[in-house]
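Every number in this text was worked out from the coordinates using simple rules, so none of it is lab data. Worth saying up front: this structure is predicted, and the values here are computed from it rather than measured. Positions of Cβ are backbone-derived with ideal geometry, glycine not excepted, and every protein chain shown enters the neighbour counts.
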Amino acid sequence: MKKQTIEHAAERAGLELPAETIEQIQVFVARLLEKNKVMNLTAITEEEEIADSHLLDSFLLLPYLRGKSMIDVGTGAGFPGMLVKLARPELKLVLVDSTRKRISFLEDLIEELGLSEVSAVHGRAEDLAHMSEYREKFDTAVARAVSSLDILLELCLPMVKPGGRFLAMKGKEDELDLAAKAIPLLGGGKATADHYLLPGTDKQRTMVIVPKEKPTKQRYPRPFAAIKKSPL
Ligand code: SAH
C-alpha cells in the first residue's frame with residue numbers, strides 16, 4: 001500500500017503519523033494481503049477499502065482511549081488493536097482471538113515489527129475473563145464486529161477495571177436497546193453512543209461507550225452456550 005494512502009486515512013482521523021509508523025503499517029498491510037491468500041483474515045482486499053474500513057475505522061478509536069492498558073476482544077487480523085498500538089506505541093495491549101491461525105499471524109507480525117508491551121493471546125474471552133491476569137485489569141476493552149452488544153457486554157465488561165470503560169465499535173445501530181438489562185447486572189454505568197460517518201465516506205458508524213462502575217459478579221461471564229442461549 002502506498003504511503004500516501006495510509007497518510008490520507010490518518011489525516012481523515014486527524015492524525016499525523018511519523019514516517020516509521022507509516023512504514024510499519026505498510027508491512028502490516030503487505031503481510032495481511034499475503035497471508036490472506038492462504039487463510040481467511042479479511043474479506044476486504046481492495047486497498048482503498050482496507051484504508052477506509054480497516055485503517056481509518058481503527059484510527060477513530062484513538063480519541064476514546066483512556067488510561068494505559070487495552071484489550072481487543074475478537075481482534076481477528078488485529079483490528080482495531082494493532083493500528084491503535086502502532087499509532088500509540090506506549091499503550092499496553094492484549095489482543096485476543098479464539099482462532100489460532102489469526103493469533104499466529106499476529107505473533108509473527110509483532111516479532112517482525114519489534115513491538116513491545118503487546119501480546120497476542122489465543123483463547124475465548126469468556127474463559128480469559130475468569131483468569132486473574134485478565135479479570136478487571138484493563139482501562140479499556142474494545143470489540144469490533146464480534147457479536148451483538150448484549151453478548152459482547154458479558155464477554156468484555158468483566159475484564160475492565162472499575163473506572164475504565166468498554167467500547168463497542170458498531171455499524172449503523174447502537175444496539176443499546178439490547179443492553180439495558182445486561183449493563184447494570186455486569187457492573188456497568190450509564191451507556192452512551194456516538195454516531196458518525198467514516199470521514200470521506202458515506203459509511204455510518206457508532207461507538208458505544210459503557211463505563212464500568214462496580215466489579216462484575218463472579219458468576220459472569222457464563223459459559224458461551226449459556227450466553228448465546230439467553231443473553232442477559
Ligand atoms: N475485530 C476484527 C475481527 C472481527 S471477526 C475486525 O473488526 O476485523 C470476529 C473475530 O472474533 C473472529 O476472529 C473470531 O475468531 C473472534 N471471536 C468470536 N468470538 C470470540 C470469543 N468468545 N472470544 C475470543 N474471540 C472470539
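Among Asp174, Asp57, Asp127, the largest mean-square fluctuation in a Gaussian network model of the chain, built with springs joining Cα atoms closer than 10 Å, belongs to Asp127. Electrostatic tally near Thr216: other residues with Cβ closer than 13 Å to its Cβ, Lys and Arg +1, Asp and Glu -1, net +4. Of the GluC sites (Glu not before Pro) in segment 130-168, the ones in a loop by DSSP (not H, G, I, E or B) with at most 14 other beta carbons within 10 Å are Glu133. When you restrict to C-alpha pairs under 8 Å that are six or more residues apart and normalise by the size of segment 173-232, the relative contact order lands at 37 percent.
A Förster radius of 22 Å combined with the Cβ-Cβ distance from Lys217 to Ser148 puts the calculated FRET efficiency at roughly 0.55. Taking one equal scatterer on every alpha-carbon of the chain, how large is log10 of I(q)/I(0) by Debye at q = 0.07, 0.17, 0.18 1/Å? Normalising to I(0) and taking log10 leaves -0.21, -1.26, -1.39.
Sites listed here are trypsin sites (Lys or Arg not before Pro) in segment 167-223 whose DSSP assignment is loop and whose Cβ has at most 15 other Cβ atoms within 10 Å: Lys172, Lys181, Lys190, Lys203, Lys217, Arg219. Anisotropy class assigned to segment 1-101 is oblate, per the alpha carbon gyration tensor with a/c at or over the 1.5 cut-off and a/b no larger than b/c.
Quick check: the distance between the Cα centres of segment 88-102 and segment 1-36, to the nearest angstrom? Each part's Cα centre sits 18 Å from the other's. For Asn40 and Asp177, the difference between the fully extended length at 0.36 nm per residue and the C-alpha to C-alpha distance is 46.1 nm.
For the chain, the relative contact order comes to 16 percent (Cα pairs under 8 Å, sequence separation of at least 6).
Taking all Cα pairs closer than 8 Å and separated by 6 or more residues, the relative contact order of segment 128-232 comes to 30 percent. Comparing Cα centroids, segment 183-232 and segment 40-69 end up 19 angstrom apart.
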